[in-house]
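Student: The structure's right below; bear with me while I get my questions together.
The values are calculated or read from the model by the stated rules, or taken from the named source; none is laboratory data. Computed from a predicted structure; not experimentally measured. Don't worry about glycine lacking a Cβ; one is built from the backbone with ideal geometry, like all the others, and counts go over all protein chains shown.
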Amino acid sequence: MEEFLELFLREKKVARHQTDSFDWFIEREIGEIVQSCGVVFSDIDPAFYLRYTAVRVGEPSVNENMISVRTTPNDCRIRELSYTAPISVDIEYVRGDEVVERSGIVIGQMPIMVRSGRCHLSRCMEDADFVRLKECPKDAGGYFILKGAEKLLLIQEQPSKNRILLDRDAKGRIAASVTSITLDRKSRTSVFMKKGLLYVGNNMLREDVPLLVFMRAFGVESDGEVFAFLSWGCDMSSEEARRTLEHLCLPSFEHATRLGVFTERGALEHIRKVINIRGGSGVHGELDICRECIGRVIVAHVEPEGLCMRKKAFYLALMAGRVLRASAGQEEYDDRDYLGNKRLEVAGSLLSLLFEDLFRRYNAGLKRSIDTIFKRRTRVQRFDVVNVMTLQSELITVGMVRSISTGSWSIKRFRISRSGMVEVVSRLSHLSSLSMLGRIKSQFEKARKISGPRAVNISQYGRICPSDTPDGDGCGLVKHIALTAEITPKEDRKKVLETAMLLCVKDISISLSFGLCLADAILFIDGVPVGAVADPAEFVSKFRGLRRRGCVSPFVSISRDRKKKYIQISCDDGRIVRPVVCVEKGRALVTARDIELLRAKEKTIGCLLREGKIEYIDANEEDDVLVAVRAAEITKDTTHLELGETALFSILTSTIPYPNHNQAPRNTYQCAMAKQTMGFIGENHTVRGDSILQTLVYPQKPLVKTLGVDISGYNELPGGENAIVAVMSCSGYDIEDALVLNKASLERGFFRCTVSHKYVSFCKKYPDQTQDVFVPLAGGGDGLAVPGESVSSGSVLANKRIPTKAGETKPDTAVYKGFRGAVVEKVFLSEAEERTVAKITVRQTHQPEIGDKFSSRHGQKGVCGIVLPQEDMPFTESGVCPDIIMNPHGFPSRMTVGQLIEIVSGKKAAVSGEVQDGTAFSSAVERTCSGLAASGFSYGGKERLVSGTTGKALECDVFFGPVYYQKLKHMVSDKIHARARGPRAVLTRQPTEGRGREGGLRIGEMERDCLVGYGATELLVERLVVSSDATDVSVCEGCGLFVYGKHCLGCGHADRVSQVQIPYACKLLFQELISMGVVPRMTLG
């Protein structure tokens, strides 16, 4: 099935989960939000109203001289603009005595995701269309462009909503909790055991309330009926189990009796004492408000049917039943790290929350403005609300742009405040930007040293990559989505419920009224009980059949829990599903004919989905099916077949050749280093105008490819070179993973790279009719650097002068700050948003040198230890010199066997002229070695080398062949730093910190301890005082205080004053202590 997997991945877009969610938000959710908040009234004029009748998001454009002009993503990158589109509404409102309808009223700007349905690039069908718009056809999109910067909304991992979770709470009690989220409310309800009694807790309650009180408040007054609800799902087949349950429930019933709560009215009176009641006149009014309040807040997602709240009572009983079974040792706790108990928030759902909050604030501000105008008694003309709407439009625009720019989400209605939700798209290489699109960020704190959320969970198979995670604090918390996994959109729950009711499902309200004795399972849809099922196995089978026939969305999943007697149908958004091939009667439904039609593009994956030959399953449904990894493993009980063995990896891990032969941490290291690799970022890298661009001059396709290399476009936009590597010891400069490089290879362009930096200067226009100007330099010109000009540190790139209040101008130049010489590559000048933008790109060329960092695709990283002339390098009998010499001691402990196989496969590829396949679980070492032997090479890949210094053959054969190496962004020229004299901090008078600020070299605590251990006290004094912030102060020998002037203010003596040299920071500390009333005194020896 590996060929079918490749065809599937070629059709699936890498950023589809991002773009689809954004399109869903634009096409569906934004309209629902506007309709839910669709009317604005006035408290001053009851006759006035404003109703939104429609909402639309237009095409991306910018305003130039009051004219809307169509814009493209690359225009926004170059001109420092935002890629946004206007949000327009149609309204109906009252103006004077008449009802007026208006259309196309702009209420704000919406950032548009690149390659989404609203993006201009979505209409590009051929590569030539992208080239015409100066875009790369390989760019997957999925990000926003705000003020010229590319911003990506990271996928956020959150606990699932509206699901019961059984665990121990913060106080160590067994508790079943549920977080209920509705359109207008978020609440958390828990049922727990405290001192043998069942209680209900909620953030609305001032204290915990016994469960039986809530059961009777919800209309279940009979003890027998309460016990029937509590015993649902329990094993009542044996007398012992029944007695155990009765023994656990009895104290709670007795407690309710002691409280005197027997009826619904009594229960409401008890609850009224522990909640805050606002409004209501008399006891009956307060009880009605109390009933409405608990019906709205307690398990809020289970909506009551009028005044009947038996469904809520049954839901609380289900939670209590799980607590009772866990107390009796009959049920295990839920795994919070199980993927079925989590949901992912993608761009569409996050923007939906943000826009709804901003739109409500927009309407609230609009209402305040309308009321303020209506309060004025005298009005010359009739009030037109459109004028006020135009003034309020900046609220939504600024809110959306600011949140995406800063990554801070603040939703006041749900009291949500998050940060770090947005990252700048990494443009170091094409692969690093693709990897970011599938990055998942957990809300768990990185500083907490706990293993549970970080560990690989079995439910992540095929959905979350086990290798693509950072090392360090973020290990296991920052994850990446697997190749074939999808994130589900929100489906219509009403349609799913109607379909389920056609399969002989009895309504839950009827079942609760007449008893549940005829039901074998309770049906839940998104955590809400909706019906009772008599034959669960038949129902699940029929429902899946309807899904395969297209009657139900393929992203709706169904699972059955036999122990709890639950059937869960999930149609909410944020679930991770993965595709599998359906198997019937021991035979996979996807045949060789289907694969041929897919290859010929006569059929698509969507056709197979509609035909029921493949389907998506989530983590919960996977517990109820049997999936075979290979076709040969299919048995009579098998229900599904994997698309391929490599489907469990991410896009980044899938580019590693033979990863199944490596130690697991090495694959993780390679995933981290592949994001730091230089390469081509796109076919339009010369016209993008990135802040920093690091590009290899001569990148190459790898000789050993993988499935990930083929589907990611890595062959067209590579990020490394094929290096001839000799695994041997050479001199003493190859210890600790250091590499020996061939000087002749470097001179031929081996791993040569260019680094381009962008300098931006703005000429602004001010309200007083003044503006910034570019002043010509001494040699003439327009005040900007000339393309092709050589510059050095301190060279002026843009000679700008800005006006001052005195009517004069002062310089505000853009200066080249590099440590090495460079060349001005291009200069770009444009007008945007009433300002002139000048961009100067400066290019440097770097040749590898000692200290630069390199890595293979197997996590074997190392720096250049020495550069040897080619005449000193060993060579083979045929005269081939290696480009890199690697120490063999790097293999035994790292166990990167995959790199050894890559060397053999690469040699065969060089000999045969055919690129070898290194996809995971597909290695054929014996066939490769036999092919080498048939071509006259050693079966094991070794060769006899001749020493370049002595001219004699080496005593042993050397493992020799091509390996695909990567040059990382860490270059010694960017890190080397020294300082003699330089700037100092104003407050402490110590040298500044950091290479960019010409800072000093810090002597830290460990360095100090070493110098103390060696007894180098004079060196310590020199480094910590003399070369830092030494200052001379006057100290009184009598009282030890600082002396200012001629006399000591402490003791009055003038003849006992000494000059002492101390650090200025010490003097500052003493002065701050004195200001707080703490008087330090110095004792002079």
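Student: Condition test on V57, is it more than 30 Å from R376 (Cβ to Cβ), under 28 Å from the mean Cα position of the chain (by Cα) and not assigned by TED's automatic domain parsing to the domain that holds V580?
Tutor: The answer is yes for V57.
Student: Can you name the residue in the range 91-117 that is in a loop (DSSP other than H, G, I, E, B) and modelled with pLDDT of 90 or more and, of all such residues, is farthest from S393 (Cα to Cα)?
Tutor: Among residues in the range 91-117 that are in a loop (DSSP other than H, G, I, E, B) and modelled with pLDDT of 90 or more, the one farthest from S393 (Cα to Cα) is R115.
Student: What is the one condition in (1) modelled with pLDDT under 90; (2) touching a strand residue (DSSP E or B) at 6+ places or on another chain (Cβ under 8 Å); (3) on the phi > 0 side of the Ramachandran plot that G515 does not satisfy?
Tutor: Status for G515: all satisfied but (2).
Student: Could you list, ordered by first residue, the pairs with Cβ atoms under 7 Å in which the first is in the range 524-551 and touching a residue at least 12 places away in the same chain (Cβ under 8 Å) and in a helix (DSSP H, G or I) and the second is surrounded by fewer than 21 Cβ atoms within 10 Å (Cβ to Cβ) and polar (S, T, N, Q), at least 6 apart or interchain?
Tutor: Every condition considered, the pairs that remain are L546/T499.
Student: Please give the number of the condition R336 fails out of (1) closer than 21 Å to K186 by Cα; (2) crowded, with 17+ Cβ neighbours inside 10 Å; (3) of a type outside the set (V, I, T).
Tutor: The one condition R336 does not meet is (2).
Student: On the basis of being touching a strand residue (DSSP E or B) at 6+ places or on another chain (Cβ under 9 Å), touching a residue at least 60 places away in the same chain (Cβ under 8 Å), within 28 Å of L643 (Cβ to Cβ) and not basic (K, R), does E877 make the cut?
Tutor: no
Student: Within the set of pairs 6 or more residues apart or between chains, which connect a residue that is in contact (Cβ under 8 Å) with a residue 40 or more places away in the chain and surrounded by 14 or more Cβ atoms within 10 Å (Cβ to Cβ) inside the range 89-105 to a residue that is basic (K, R) and in a strand (DSSP E or B) with Cβ atoms less than 6 Å apart?
Tutor: Correct list of pairs: I91/R102; E92/R51.
Student: Taking the range 568-598, which residues are among the hydroxyl-bearing types (S, T, Y) and either more than 30 Å from N162 (Cβ to Cβ) or modelled with pLDDT under 90 (or both)?
Tutor: Answer for the range 568-598, where residues must be among the hydroxyl-bearing types (S, T, Y) and either more than 30 Å from N162 (Cβ to Cβ) or modelled with pLDDT under 90 (or both): just T591.
Student: Suppose the filter is modelled with pLDDT of 95 or more and either within 45 Å of the chain's Cα centre (by Cα) or among the basic types (K, R) (or both); does D917 pass it?
Tutor: no
Student: Looking at (1) surrounded by 13 or more Cβ atoms within 10 Å (Cβ to Cβ); (2) within 26 Å of A985 (Cβ to Cβ); (3) not acidic (D, E), which is the one condition that is false for G1038?
Tutor: (2)
Student: Does the range 875-889 contain at least one residue that is farther than 30 Å from C763 by Cα and in contact with a helix residue (DSSP H, G or I) (Cβ under 8 Å, 6 or more places away or on another chain)?
Tutor: yes
Student: Kindly indicate the residue of the range 711-738 that is under 35 Å from the mean Cα position of the chain (by Cα) and of a type in the set (A, V, I, L, M) and also surrounded by the most Cβ atoms within 10 Å (Cβ to Cβ) among those meeting that condition.
Tutor: Going through the qualifying residues, I end up with A723.
Student: For the range 55-75, give me each residue that is of a type in the set (A, V, I, L, M) and either in a loop (DSSP other than H, G, I, E, B) or surrounded by fewer than 13 Cβ atoms within 10 Å (Cβ to Cβ) (or both).
Tutor: Residues satisfying the conditions are M66, I67, V69.
Student: Quick check on this structure: which one of S403, S433 is within 19 Å of Q156 (Cα to Cα), in contact with a Gly (Cβ under 9 Å, 6 or more places away or on another chain), of a type in the set (S, T, N, Q) and touching a residue at least 12 places away in the same chain (Cβ under 8 Å)?
Tutor: S433
Student: Limited to the range 622-639, what total is found for residues that are surrounded by fewer than 23 Cβ atoms within 10 Å (Cβ to Cβ), touching a residue at least 60 places away in the same chain (Cβ under 8 Å) and under 31 Å from the mean Cα position of the chain (by Cα)?
Tutor: 2
Student: Could you run through the range 783-837 and say how many residues are under 18 Å from S691 (Cα atoms) and among the acidic types (D, E)?
Tutor: The qualifying residues number 1.
Student: Filtering the range 3-31 down to residues that are surrounded by fewer than 16 Cβ atoms within 10 Å (Cβ to Cβ) and acidic (D, E), which residue is farthest from the chain's Cα centre (by Cα)?
Tutor: Filtering the range 3-31 for residues that are surrounded by fewer than 16 Cβ atoms within 10 Å (Cβ to Cβ) and acidic (D, E), the one farthest from the chain's Cα centre (by Cα) comes out as E3.
Student: Let me ask something else about it. Please list, ordered by first then second residue, the pairs with beta carbon atoms under 8 Å, 6 or more apart or interchain, first in the range 311-332 and not assigned by TED's automatic domain parsing to the domain that holds S509, second assigned to a helix (DSSP H, G or I) and among the polar types (S, T, N, Q).
Tutor: Hits for this filter: K311/S509; A328/T244.
Student: Please specify each residue of the range 278-302 satisfying the condition of being at pLDDT below 80, on the phi < 0 side of the Ramachandran plot and surrounded by fewer than 15 Cβ atoms within 10 Å (Cβ to Cβ).
Tutor: R278, S281, V283, H284, G285
Student: Filter the helices (runs of 4 or more DSSP H) completely within the range 963-1081 down to those with at least 1 residues that are touching an Asp or Glu at 6+ places or on another chain (Cβ under 9 Å) and modelled with pLDDT of 90 or more.
Tutor: 1064-1075
Student: Tally the residues that are in a helix (DSSP H, G or I) and buried (at least 20 other Cβ atoms within 10 Å of the Cβ), restricting the search to the range 595-621.
Tutor: Selection size over the range 595-621: 5.
Student: Given the conditions (1) among the aromatic types (F, W, Y); (2) surrounded by 24 or more Cβ atoms within 10 Å (Cβ to Cβ); (3) in contact with a strand residue (DSSP E or B) (Cβ under 7 Å, 6 or more places away or on another chain), which single one is not true for F649?
Tutor: (3)
Student: Please state which of the following conditions H977 fails to meet, knowing it meets all the rest: (1) surrounded by fewer than 16 Cβ atoms within 10 Å (Cβ to Cβ); (2) touching a Cys at 6+ places or on another chain (Cβ under 9 Å); (3) touching a residue at least 24 places away in the same chain (Cβ under 8 Å).
Tutor: With (1) surrounded by fewer than 16 Cβ atoms within 10 Å (Cβ to Cβ); (2) touching a Cys at 6+ places or on another chain (Cβ under 9 Å); (3) touching a residue at least 24 places away in the same chain (Cβ under 8 Å) applied to H977, the lone miss is (2).
Student: Find the helices (runs of 4 or more DSSP H) located wholly in the range 1-46 whose residues include 3 or more that are in contact (Cβ under 8 Å) with a residue 24 or more places away in the chain and touching a Pro at 6+ places or on another chain (Cβ under 9 Å), and list them.
Tutor: Qualifying helices (runs of 4 or more DSSP H): 16-24.
Student: Let me ask something additional. Taking the condition of being more than 19 Å from T841 (Cα to Cα) and among the basic types (K, R), how many residues in the range 61-92 meet it?
Tutor: Going through the range 61-92 one residue at a time, the tally reaches 1.
Student: Let me ask something additional. Going by the conditions given, is S349 of a type in the set (S, T, Y), buried (at least 21 other Cβ atoms within 10 Å of the Cβ) and within 25 Å of R16 (Cα to Cα)?
Tutor: In short, yes.
Student: So for the range 866-878 (the condition being touching a Leu at 6+ places or on another chain (Cβ under 9 Å), under 28 Å from D710 (Cα atoms) and either of a type outside the set (G, A, S) or not assigned by TED's automatic domain parsing to the domain that holds G732 (or both)), does at least one residue qualify?
Tutor: Scanning the range 866-878 turns up no residue that is touching a Leu at 6+ places or on another chain (Cβ under 9 Å), under 28 Å from D710 (Cα atoms) and either of a type outside the set (G, A, S) or not assigned by TED's automatic domain parsing to the domain that holds G732 (or both).
Student: Can you confirm whether the range 557-567 contains a residue that is surrounded by fewer than 18 Cβ atoms within 10 Å (Cβ to Cβ), at pLDDT 90 or above and within 34 Å of the chain's Cα centre (by Cα)?
Tutor: no
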